[in-house]
Amino acid sequence: MNTPTLSSLSDTELHALVDGQLSAAERVAVKARLAQDPTAQDTVAGWTQQRDRLRSLHADVLAEPIPSSLLAAAQQTVGAQLRWQQWSRLGGMAAGVVLAFGAGWLANTAWQNQGVARMAGQATPANEFVRQARFAYTVYSPEVRHPVEVAAAERDHLVQWLSKRLGKPLKVPNLAPHGFELVGGRLLPGETGARAQFMFQNAGGTRVTLYLGALGAKAATPASQETAFRFAADDDVPSFYWVDQGFGYALSGPLDRSTLMQLADTVYRQLL
Amino acid sequence: MDRSDLIAQIPGMRRYARVLTGNAWAADDLVQDTLERACSKWRLWAVGSDLRAWLFTLMHNLFANDVRRALRRQPDGGTVDVDEVAHLLGAPDDATALGLDLQRCLMLLPEEQRVVLLLVCLEDMAYTDVARITGTPIGTVMSRLSRARSRLQQLLDAPAMVPDEHTANRAPNLRRLK
């Protein structure tokens with residue numbers, strides 16, 4: 001297929017043609033070259049037929065009524081979200097009013113705890129956590145000679161060591177698809193115990209850090225065990241941070257919000 | 001996300017899981033687990049981002065964990081739990097021999113190739129979305145897609161391996177022997 005002529009079509013172009021993932025202009029260009037290439041025509045015909053057959057496989061399931069157990073599970077998810085949204089709206093009121101009102105309104109203690117943690121505002125463990133993450137970024141990212149304690153070349157050792165110190169098996173996210181390679185990592189003291197910082201760098205020399213660690217006993221309320229993605233950009237180090245099962249993650253770097261969000265999203269998906 | 005958005009995703013998730021696992025029960029279990037995971041994780045879903053991609057990421061991770069677990073429990077050349085290989089033993093509730101054969105050949109692909117092929121062909125996912133959902137670089141996605149397509153074609157073209165009506169019906173007898 002990859003005959004070394006100038007016009008030979010790459011596998012990627014053929015896949016994209018079959019899967020309808022070319023722009024209109026690319027499509028015209030690829031089709032013109034395809035007309036000269038009988039081998040590629042066969043490939044495209046075979047793949048197209050295969051794709052059509054796959055798409056008809058179990059297509060009847062799409063029209064089946066949804067089993068009630070699945071509907072119930074979906075309902076639960078939506079219900080949990082609605083309760084949260086209602087409660088969040090109340091979060092805008094004065095703290096005392098919400099506390100008094102919320103306590104009477106919601107008998108469920110879990111929801112009370114969430115409200116209290118929200119109202120504590122600036123002083124939540126998660127806020128403190130992201131503040132420390134941004135400090136660590138500011139201190140270490142400008143380092144030329146010693147940005148990390150253990151370099152990416154010793155990746156396995158780095159992961160083993162930090163996992164042991166943080167008391168949790170850690171993974172280093174792969175940010176190569178976004179152009180960021182691992183520089184290395186270091187161990188840091190945090191308010192509630194050991195923290196780890198992984199540093200990544202792109203070809204332009206821009207550095208981002210992933211800062212992570214347990215939030216400690218102060219974070220033992222359900223609300224601070226898990227939070228939504230949050231964005232913090234009070235100074236010049238923007239960060240996305242979130243808490244999952246009592247463990248905090250903060251991704252910091254001088255990127256625009258949407259780029260940083262994409263990176264954070266990748267990190268989150270890989271650590272899920 | 002509102003109720004109808006989430007529910008609208010279920011038929012597609014069921015069909016994908018059905019083709020992926022080759023088994024109706026396993027498929028609905030996987031979708032159920034995914035929805036339960038979404039229930040405990042939904043606060044991490046960034047509002048406004050692609051709900052379907054997020055659900056498929058959750059589902060992919062659950063599936064990958066199941067596969068890893070099954071492989072660990074299966075020592076080299078040792079015995080295999082019937083339930084874990086049920087998908088290899090034909091899909092007796094399927095109507096046409098053609099569909100049977102396609103599903104059987106699909107199940108012979110390595111999981112990571114099958115996942116990419118189905119996300120692309122069944123779900124019309126962009127290659128970059130597939131990379132994000134599976135947590136692999138785009139180059140790996142493309143090479144898995146290539147290998148999946150040629151391997152599936154080889155399997156479908158191998159006439160000796162096509163199970164006829166007869167062997168498909170005998171599938172239950174094979175279970176204990178496997």
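The values are calculated or read from the model by the stated rules, or taken from the named source; none is laboratory data. Just so it is clear, the model here is predicted, and its values are computed rather than measured. A quick note on method: Cβ atoms are made from the backbone with ideal geometry, for glycine too, and the neighbour counts reach across all protein chains shown. Ligands, DNA and RNA are excluded from the accessible area calculation, which covers all protein heavy atoms including side chains. Shrake-Rupley method; radii C 1.70, N 1.55, O 1.52, S 1.80 Å.
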#### Entry: Members of the stretch A:236-268 that are at pLDDT 85 or above, open to solvent by 10 Å² or more (accessible area, probe 1.4 Å) and within 14 Å of the chain's Cα centre (by Cα)
A:241, A:249, A:257, A:258, A:259, A:261, A:262, A:265, A:266
#### Entry: helices (runs of 4 or more DSSP H) lying entirely in the stretch B:95-135 (those with 1 or more residues that are at pLDDT below 90)
B:97-107
#### Entry: Residues that are modelled with pLDDT of 85 or more and either open to solvent by 80 Å² or more (accessible area, probe 1.4 Å) or more than 15 Å from the chain's Cα centre (by Cα) (or both), drawn from the stretch B:50-80
B:51, B:52, B:53, B:54
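So, residue A:48, is that one more than 30 Å from residue B:18 (Cβ to Cβ), in a helix (DSSP H, G or I), among the polar types (S, T, N, Q) and at pLDDT 90 or above or not? Break it down stepwise before answering.
On the way: more than 30 Å from residue B:18 (Cβ to Cβ): no; in a helix (DSSP H, G or I): yes; among the polar types (S, T, N, Q): yes; at pLDDT 90 or above: yes.
Considered against the rule, which asks whether it is more than 30 Å from residue B:18 (Cβ to Cβ), in a helix (DSSP H, G or I), among the polar types (S, T, N, Q) and at pLDDT 90 or above, residue A:48 comes out as no.
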### Residue ID - farthest from residue A:271 (Cα to Cα), chosen from residues in the stretch B:136-149 that are at the interface with chain A (Cβ under 7 Å from one of its Cβ atoms) and outside any loop (DSSP other than H, G, I, E, B)
B:149
### Task
All but one of (1) modelled with pLDDT of 50 or more; (2) open to solvent by less than 40 Å² (accessible area, probe 1.4 Å); (3) away from every other protein chain (no Cβ under 14 Å) hold for residue A:90, so report the exception by its number.
(1)
### Summary
residue A:170: passes all of (1) part of a strand (DSSP E or B); (2) open to solvent by less than 40 Å² (accessible area, probe 1.4 Å) but (1)
